[in-house]
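The values are calculated or read from the model by the stated rules, or taken from the named source; none is laboratory data. Everything quoted here is computed from the prediction, not taken from an experiment. We place every Cβ from the backbone using ideal geometry, glycine too, and count neighbours over all the protein chains shown. Side chains are part of the model used for accessible areas, which takes the heavy atoms of the whole protein and leaves out ligands, DNA and RNA. Shrake-Rupley method; radii C 1.70, N 1.55, O 1.52, S 1.80 Å.
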Amino acid sequence: MFDALTFAALPAGDEALRPLARQFAEEALAALPPDIRARSWSGFDQDFSRRLGAAGLLGLTLPKAYGGGARGPFARFVVVEELLAVGAPVAAHWIADRQSAPLILNFGSEAQRQTYLPAICRGELVFCIGMSEPGAGSDLAGVRTRAERTAEGWRVNGQKIWTTNAMHGDYMIALVRTSGGVEDRRAGLSQIIIDLKAPGVTVRPIADLTGDAHFAEVFFDNVDLPADALIGEEGEGWAQVTAELAFERSGPERIYSSVVLLDAWTEHLRRVGRADGAALALLGELTARLAVLRAMSIACTARLAAGESPVVEASLVKDLGTAFEQALPATIGDDLAAHPDEGVDPDLYRTLLYTTHIAPSFSLRGGTREILRGIIARGMGLR
Amino acid sequence: MSDFLDAFEKLLANAAPLHAVRAVEAGADSAAMWDALAASGFLDALVPEGRGGAGLTLAEVQPLWMALGRHAVPLPVGETMIARMLLAIAPEPVEPPQGPIALAVAGKGAALIVPQAQGAAHLLVEAGDGLHLALASGGEATGVAGDVAVRFSFTPGEPVAPSPQGGLRARAAVLRAALIAGAANHLTAMTAAYAGERVQFGKAIGRQQALQQQMAVMAEEAVAARIASELGCAAGCPPPLPAAATAKSVTSRAAAKVAAIAHGVHGAIGISAEYDLQLFTRRLHQWRLADGGERYWNRLLGAARLADGARSVDYVRTAIFPNQD
Ligand SMILES: Cc1cc2nc3c(=O)[nH]c(=O)nc-3n(C[C@H](O)[C@H](O)[C@H](O)COP(=O)(O)OP(=O)(O)OC[C@H]3O[C@@H](n4cnc5c(N)ncnc54)[C@H](O)[C@@H]3O)c2cc1C
């Protein structure tokens, strides 16, 4: 089954980036308590991203000509892993570095590459992904936001929702309808780069159940954009979005979202001196699953490095990975609650509860569990 | 390497077709099957070249072990490979006995249930701090239908060699992990094919979304099992405890899930003796129980992990993944 996905080691040349990435991660770590670090890729700190850019740790998969590191997906894996392992705040560059930049590189015009890529590599531009709409969640082909040609370029009307970072964002890469209607489904969809400072754009942050506001609704009321706002080919939006999702779904962020909690709990066991059979078995189980998921994520990275678009394999890793991320707060909570007389320090308590409350999002963001399983089933020839 | 695997696949297809597997399970003589496998030379795959073997690494042999799982081979082929290696690398090398050798670790005088021992001529048993060779006669059937495991009560005599570094069980565990991965991947393909053919309510059951979701989980577990097994064999021999533990823990967990989904999707036909599915699901459960299941290895891994002050990702990276340098 899916034999292309096989165990691969990280190339030594890319491993060499680890100490530098670690230095940055440690620096971020020093300032932040674990429940803040547990925010991991929702942690927004633009200064941190700029420093990473200056150190050459962003845009590692991009060519030198655009300010990139000309190294490839394995190098990015190493750097991302170091940052996520401690929950460094990566949100300010995350989406641009992971998927907007490769999308612009692969499908954008030369002018678009020159405009956006060097600034992304410097950690200066915040991108967001405008796919979801109130009526188009899992059913992405149902997007209604429309871009119409004008004499000067494009005019956009409609609404996006759940847009991560829209309130901090410079640009949104939006999936919009450029011809036909919702009945045309995947046909007539295009991707367009929207300047979020353009007149007619309104961004309204949405608070989540943990008290954070990391995503937003975005309204477009006669937003005028230049002709070169279109990215890639008109009408090719669906194919482009599919390629983009392979980048979005395969990375270590689909494994490491709760890893700060795992470390905090391990530290707790050590502090209270508890090594009972149940705790050891749970710690061992979580460690073993983490190791295999890491190997699977690296295997996916190897497909990306080989120039493929491992959409099905990435879905498989994401579904298994998010189940693991959700198992961490559930089982660690059970372990701690099984020992009610054991003092739990406030940091661990907050980390546990934050992770517990946000955990449902792990299997929603980037495509829900059911949708991913549908993609896998299609890959197995069942649909 | 892939030529190698192709040759091995052909060998298994000829020597151990499923009707022959069934016959051996039912107690038929397995000598012909064994002779074909022995004549191939694969049994010395892990024996160092200096001692007349092929000198392959665990990582190179892992695909062959998976093939054994894929074919539900009822004889201790992988076990014999490990036994012949251990005898060859003993401080005073031991000439291996002819015939299949099954593996066991003897605790405190307890009876041993030895997987794949039905056709074995010898047992290689780790007891105390030595390796013992015993004749595989005098065992008792487990009483489980179609089981090729055998129950022995073992009294250690003189060891033929000291226990190898890293112990027998870690080596056996990565073998079981690969057998599980092979059977799990085969079952997944088999089950997907069945779901595409079986029609109920006027369409193939594989068109039912509820079933597709089950199948996707099965594929995830099967792929995870394969990669876990690869990880367990990647660091060389003996497999370091954390790597062996990871491989056996994740594959054992997957074995139970994959077997359950395979049966669920097949419906009643899956549990009928005549249908091939059960050859593989029974093996999965056997291999899950053999040489420590997920809880056993999780505890050992948990203890090793807790004793190490590294962060989780660093621990995984440095203790479970093979060294990069
Ligand atoms: C933290 C977070 C950040 C996000 N960031 C972004 C972002 O930056 N940009 C963006 O565009 N979107 C973003 N999203 C939105 C996300 O992509 C959607 O939530 C997701 O695609 C599901 O859509 P929905 O929420 O409308 O749920 P629905 O589509 O209404 O689904 C509800 C439930 O029904 C199930 N379901 C729906 N259809 C089917 C079907 N055919 N078969 C089986 N089950 C089905 C789903 O699996 C789910 O369980 C984010 C979401 C979260 C939680």
Could you look at chain A and say what percent of its accessible area is carbon and sulfur, using a 1.4 Å probe and all protein chains?
-> 53
Please work out whether region B:114-176 counts as rounded, prolate or oblate from its C-alpha gyration tensor, where a ≥ b ≥ c are the square roots of the eigenvalues and a/c under 1.5 means rounded, while otherwise a/b larger than b/c means prolate and anything else oblate?
-> oblate
Compute for chains B and A the buried accessible surface, both sides summed, probe 1.4 Å, and express it in Å² to the nearest 100.
-> 4400
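Express the carbon and sulfur contribution to the solvent-accessible surface of region B:215-325 as a percent, rounded to the nearest whole number, probe 1.4 angstrom.
On the way: 1960 of 3510 Å².
Summing carbon and sulfur atoms, their accessible area is 56 percent of the total for region B:215-325.
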With the dipole of region A:254-342 defined by +1 on each Lys or Arg Cβ and -1 on each Asp or Glu Cβ, the option from A:Ser315, A:Leu262, A:Ala305 whose Cα lies farthest towards the positive pole is A:Ala305
Hey, can you list the residues from region B:223-238 whose accessible area shrinks by 50 Å² or more with all protein chains present, relative to the chain by itself (probe 1.4 Å, no ligands or nucleic acids)?
-> B:Val223, B:Arg226, B:Ile227
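For B:181-190, what's the mean count of beta carbons from other chains sitting within 10 Å of each residue's beta carbon? Provide the component values of the computation, followed by the final result.
Details: counts 0, 0, 0, 1, 3, 1, 1, 3, 3, 0.
Taking the mean over all residues of the peptide, I get 1.
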Determine which lysines satisfy two conditions relative to A:Lys160: a Cα distance under 18 Å, and not lying fewer than 8 residues away in the same chain.
-> A:Lys197
Taking the Cα centre of chain A as the origin and placing charges on Cβ (Lys, Arg +1; Asp, Glu -1), which of A:Ser42, A:Ala275, A:Ala337 is farthest toward the positive end of the dipole?
-> A:Ser42
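In peptide A:261-268, how many Cβ atoms from other protein chains are near each Cβ within 10 Å, on average? Could the numbers behind the result be given before it?
Details: counts 1, 3, 6, 0, 1, 9, 2, 0.
Taking all residues of A:261-268 together, the mean is 3.
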Where in region A:364-383 does accessible area fall by at least 30 Å² between the isolated chain and the complete protein assembly, at a 1.4 Å probe radius?
-> A:Arg373, A:Met380, A:Leu382, A:Arg383
Mean Cα-pair separation over length for region B:140-220, i.e. relative contact order, pairs under 8 Å, 6 or more apart, % | 15
log10 of Debye I(q)/I(0), alpha-carbon scatterers only, for chain A at 0.07 Å⁻¹ | -0.31
In Å, descending, principal axis extents of the Cα set of region A:239-380 = 55, 25, 23
Would you tell me the mean number of C-beta atoms belonging to other protein chains that fall within 10 Å of each C-beta in A:6-17, as a whole number?
-> 3
Point-charge dipole on Cβ atoms (K/R +1, D/E -1) for region A:13-143, about Cα centre, debye to 20 | 300
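Treat every Asp and Glu Cβ in region A:286-349 as -1 and every Lys and Arg Cβ as +1, leave all other atoms uncharged, and give the resulting dipole magnitude about the Cα centre to the nearest 20 debye. Working shown, then result.
Numbers: 4 positive and 10 negative charges, 110 e Å.
Its charge dipole is roughly 520 debye.
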Solvent-accessible heavy-atom area per residue, rounded to whole Å², over region A:117-243 at 1.4 Å = 42
Residue-span extension gain [B:Ala310 to B:Leu135] - 0.36 nm each, minus C-alpha spacing = 58.4 nm
Leaving out ligands and nucleic acids, note down the accessible area per residue over region B:176-325 with a 1.4 angstrom probe, in whole Å².
-> 34
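List the GluC sites (Glu not before Pro) within region A:307-349 that fall in a DSSP loop (any state other than H, G, I, E or B) and whose Cβ has at most 15 other Cβ atoms within 10 Å.
Values: sites: A:Glu308, A:Glu313, A:Glu325, A:Glu342; in loops: A:Glu308, A:Glu342.
Filter output for region A:307-349: A:Glu308, A:Glu342.
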With a sphere of radius 15 Å drawn around the Cβ of A:His357, what net charge do the other residues whose Cβ falls strictly inside it have (Lys, Arg +1; Asp, Glu -1)?
-> -1
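Kirkwood hydrodynamic radius, the protein assembly as shown, all distinct C-alpha pairs: what's the number in Å?
27.2
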Can you spot the lysines whose alpha carbon is less than 29 Å from B:Lys257's alpha carbon? Ignore those fewer than 8 places along the same chain.
-> A:Lys318, B:Lys203, B:Lys248
